[in-house]
Amino acid sequence: MTIFARRGPGILLVLTAAGLAAACGGNHATRGAVEAPKGAAATSTTSCAGRSIATPLGQPRTGGTVALAKLGTRNVALIADEDAHALGAFDLDTQKELPPTLLDGAPSQVMVTANGRILVLLRDRSRLQVLAAESADGPLAARCAIDTAPEPVGLAASPDDRTIFVSSAWGSSLTALDADKLTRQFEVRLAREPRAIAISDDGATAFVSHAVGSTVSAVDLRKPSHDVRAIRIAGHEGNAGIERQKKQIARLAARGQLSPDQKALIDKQLGAQERSSCQGFALAKSVAPGGRILAPQVFVDPGSPEVRPEGYGNGGVATETPAVAVLDDATAEPMEASLQVQREVGWRGEKSARDHREPCLLPRAAATDPRTRTLLVTCFGIDDVVAYDAASASPAASERRRWSVGPGPSGIAVDPEKPRAIVWSQFDRSVAVLSLTGPDVVDERREPPARTASVALAPAAIKLPADVALGRLAFHSGGDTRISKDGRACASCHPDGRDDAITWATPEGPRRSILLAGRVASEKSFAWSGSSKNLRDHMAKTFDRLDGTGLRGLELDGLVAYVSTMRAPVDAAAPAPASKDPKVARGAAIFASKESECASCHIGPTFSDGELHDVQSRTDSDRSGSFRTPSLRLIGGTGPYFHDGRYATLKDLLRDADGKMGRTKHLTANDLEALEAYLRTL
Amino acid sequence: MNKPLASSLALAALLSAVTVFGADATPKATPSGDSGLIGVSTVAAGRLPGPPKGKRPTMIPGSEKAPGFFVVKPKGLGRGSGDFVMLVATVAQAKEAALGRGFGGGETPANEFCFAEEQKNWGSDDEDEESAWAPSVQPQATFNSSTMNGRPRVEAVHQERLVQGAAGAVLESADAWIDPVTRGARLIARSTLPLTRVATILGGSVVYAGRDEHTVHVILTAPPDGDARRGTQVFAAVDGGIAASQCGYLRVPLANEKGQGHTATFVSNLELAPLNAQGKPVPKDLAKTSPQRLTPSLLGLPKDVDRPDNRFRPVHVHASVSWASRDKDALLSVTSGWDARERTQPF
């Protein structure tokens, strides 16, 4: 007997007896086909306890959109199907789909713990749902659900299996839970957009990747203070000449032959050759050899803020290059070789369509295969899985092979019992099984590689509208000359519909990328200059700046639909409710006050009048000093701020923009905190 | 076949079978920790010193010679070429050079020895800056007696030779001071670096490694494919720079530092077996013995429809030496993969 339950109006709520006993908090989830409603109202329980026969396949101790498990004698892949609001299931040996488990939200990750629990993060509900397998063939039973910080996206377990870790993207935090009781042990604040988690072999450090911000966080798990260290992940050209220069400068400075000012100037010039990194969606632990955390990234050259190129970025060189940072899990230091920007050599620089293979510029998931010492990275955009040498000091330079898979490969898991990897492609809801055997270099015309087995899951009851699904494909399309000449996709600067935290050199001057998700539909004009009156027009200009030929027809319509309907990280559809928090209420009052002048421009449902204003922020390379009032919706998670990213934090902005944009000099430190607290609720 | 043309087409290594450690090319079905990795301490050890430190001679008498280092004024280098001299390794090569042969054309005896020059920022005031051997090696070296830009008159030069045999392989090297003005040469030192066979690539390319105190030297050989071998170019990207060799192999030094790693990527263009219309490989003699083996289309000749297209595919071999904190030993990893899609060149 099966049960399903969903949120939203007009959806049936049906329970079996087992579900009644196990359900909690109104969330009911079980596996099986739809049946007629039994009519019983949902009951809830907060019990997380209960037997589960599921065991993880291998010891991954990390979550993903694919988790391998044993259910009785059956080896299955559990799949976090975000579109269908379901936990899919796939029999690894028969390669057939099993009945899904419907959920009360959009799952972002799933993990099977050592004690048999199946943990599922519901991204849109900010919740951790606990499921259990009570029998090999019966439905999954819902246990408790735990509230999390906004937008949970990453799961991991400690090596002793006693602690569960949850990263929250919009919540910018890492939470530790007791694995047995699921009670909160601690929570630490992190930089923007944390994603994947990997725990060091000794359990001392939690490494957290970030989708933006050139950072991997290292959280000390042993000290009670749980200090967070931001490891800067920045690419450099890796030029032997530059390395000699750096050593020479260090020697000259040590001998006193360089003044501190001279050294600072030279360091600045050498530092200007650094590249930001982003697209840090995944982490993988190297098992053979151990002691390394592998972090797929993309290095970005956004151009110099003092220059106005014809497009976005540097113009003359590859704007984005794939990378895999290698972090020593004992020292939390990156190997310098892994931060070198990979340049193409000789004929490798020829990018004729005939023989060039597109780089992985949208890495999304990663796993290692200890048998072959391979790091497998799934790539949106090109829809490939790329295998690198996991033992290399610079895996990105060591591509071994690649497979084509379905669009939107968001998850991968390596089967420890057989030489294969399971890949989940969200956009076409297919499961691919990759064979990890055989040599990497073969004459493919004489020995064609084995076809990748791919199984499409049955159509889901919940699905994206066709135009939105098409638009999502276009948004993530990499190597598409209609979008850009250099392979960038929309998602390159707007990962997950956010912004990349980067200031780009543009024909108008330096410009920060803008968050899209949850904001676009209500905007009346676009671009910092407000020059585009509709999204279609703005997209056309953007394709032009990226040297793309442009999208037309259904695909352009779809892209507009997708961007317009992107779900906000948190529900920002309604105006911010009056807060019961006195600090926030105080901040709201300050915001609305005549003295602060915030509401003179930041008005309306988007907190923007849509007009151009000169707030004395023009730089030497800006063509104009007037900028469209940006929306303040979701402002708390979009730093750095201003059109050129000059303010790293909201606090910096509120303090330093006084007299140019609004007035804050009269505010006390507490008032400034209150104002910031209010802004973070928008 | 025209060797310079062959080399310019970069008919290089046949590469396959990534990550061949020992003799086993097949990944293990069952994971077993670090199996398949090579600890650097297990790599054969020897000596391969860098350029000498300390005071350099201001001149070498012309009467002073060093075996294997013949400084010759080539005939026909032409007016305006300054005081160029050539460094070669054998008497036969010296005679050829003196007759105006042996560089850029003509019949050249097979070169077993290769040279690398001393590399340094000669104009720098930094006395502590160390020089290194240039990453690229060539069968010959040229020097100019000019001392412009701070370049000294007497320079150190490195010579090496890869000796492969049934019992194993070794890199023999010798370093000497060269005076291009007097054409004198003074031996500095000889050394030997035994090599461990690390990987065998399909087609016959071999990856060797040898170590000295703080460096692992990784060598990729061109395939032993007859006339293609000695002219075969091999490139490598290392430390952000490029190294190249026309000596049938290329050696790349990778520093061995705790907590860090260094990598190099060898790149070459693999010639694949030509296939007939049914997709089967053509007999080797048919592929190789045609008098018009290469591109009759370029010569304006009609295409022989029975002749298969030439097939090439760029391939890379990646070498890494890394030493993370938890590693008991530094690790040497060698893997390879296709660098791009296959290209065909119509015959």
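Residues that are surrounded by 24 or more Cβ atoms within 10 Å (Cβ to Cβ), more than 8 Å from chain A (Cβ to nearest Cβ) and among the hydrophobic types (A, V, I, L, M, F, W, C) within the stretch B:237-251 comprise B:Cys247, B:Leu250, listed in sequence order. A:Ala521 falls short of the stated requirement of being small (Gly, Ala, Ser), at pLDDT 90 or above and under 30 Å from A:His210 (Cβ atoms). The numbered conditions (1) buried (at least 16 other Cβ atoms within 10 Å of the Cβ); (2) among the acidic types (Asp, Glu); (3) out of contact with any Gly (no Cβ under 7 Å at 6 or more places or on another chain) are all true for B:Glu213 except (1). Looking only at residues in the stretch A:264-296 that are more than 28 Å from B:Leu331 (Cα to Cα) and touching a Leu at 6+ places or on another chain (Cβ under 8 Å), the one that is farthest from the other protein chains (Cβ to nearest Cβ) is A:Gln279.
Does A:Ala367 meet the test of being away from chain B (no Cβ under 11 Å) and surrounded by fewer than 24 Cβ atoms within 10 Å (Cβ to Cβ)? No, not satisfied. Within the stretch B:63-101, if we keep just the residues that are at pLDDT 90 or above and surrounded by fewer than 14 Cβ atoms within 10 Å (Cβ to Cβ), the residue that is farthest from B:Ile188 (Cα to Cα) turns out to be B:Ser63.
Counting only residues that are on the phi < 0 side of the Ramachandran plot, under 25 Å from the mean Cα position of the chain (by Cα) and not small (Gly, Ala, Ser), give me the strands (runs of 3 or more DSSP E) lying completely in the stretch A:247-337 with at least 3 of them. The strands (runs of 3 or more DSSP E) meeting that bar are A:292-300, A:320-328. In summary, strands (runs of 3 or more DSSP E) completely within the stretch A:116-206 and bearing 1 or more residues that are touching a helix residue (DSSP H, G or I) at 6+ places or on another chain (Cβ under 6 Å) and surrounded by 22 or more Cβ atoms within 10 Å (Cβ to Cβ) occur at A:140-147. Inspect all residues belonging to the stretch A:373-384 and state whether any of them is facing chain B (nearest Cβ under 9 Å), under 21 Å from A:Pro289 (Cβ atoms) and buried (at least 24 other Cβ atoms within 10 Å of the Cβ). Yes. Once the stretch A:659-675 is narrowed to residues that are charged (D, E, K, R) and more than 34 Å from the chain's Cα centre (by Cα), the residue that is surrounded by the fewest Cβ atoms within 10 Å (Cβ to Cβ) is A:Lys665. Per the conditions (1) modelled with pLDDT of 90 or more; (2) assigned to a loop (DSSP other than H, G, I, E, B), the sole criterion not satisfied by B:Leu254 is (2). Here A:Pro416, A:Pro449, A:Pro439 are screened, and the one residue that is within 14 Å of chain B (Cβ to nearest Cβ), surrounded by fewer than 24 Cβ atoms within 10 Å (Cβ to Cβ) and touching a Ser or Thr at 6+ places or on another chain (Cβ under 6 Å) is A:Pro439. Candidates A:Asp160, A:Asp180, A:Asp201: the one that is over 22 Å from the mean Cα position of the chain (by Cα), at pLDDT below 95 and closer than 17 Å to A:Pro56 by Cβ is A:Asp180. On inspection, A:Arg251 qualifies as within 14 Å of chain B (Cβ to nearest Cβ) and either at pLDDT below 90 or within 30 Å of A:His476 (Cα to Cα) (or both). Residue count for the stretch A:470-524 satisfying the condition of being among the small types (Gly, Ala, Ser) and in a loop (DSSP other than H, G, I, E, B): 9. Any chance the stretch A:542-553 includes a residue that's more than 17 Å from A:Phe475 (Cα to Cα), at pLDDT below 95, aliphatic (A, V, I, L, M) and within 25 Å of the chain's Cα centre (by Cα)? No, the stretch A:542-553 contains no residue that is more than 17 Å from A:Phe475 (Cα to Cα), at pLDDT below 95, aliphatic (A, V, I, L, M) and within 25 Å of the chain's Cα centre (by Cα).
Kindly indicate whether A:Val423 is buried (at least 20 other Cβ atoms within 10 Å of the Cβ), within 10 Å of chain B (Cβ to nearest Cβ) and out of contact with any His (no Cβ under 8 Å at 6 or more places or on another chain). Here the answer is no, as A:Val423 does not meet what is asked.
Pairs meeting the criteria (first residue in the stretch B:331-346 and at the interface with chain A (Cβ under 7 Å from one of its Cβ atoms), second residue in a strand (DSSP E or B) and of a type in the set (Val, Ile, Thr), beta carbons under 6 Å, at least 6 apart or on different chains) are B:Ser336/B:Val317; B:Trp338/B:Val315; B:Asp339/B:Val315.
The values are calculated or read from the model by the stated rules, or taken from the named source; none is laboratory data. Worth saying up front: this structure is predicted, and the values here are computed from it rather than measured. Please note: Cβ atoms are built from the backbone with ideal geometry, for glycine as well, and neighbour counts cover all protein chains shown.
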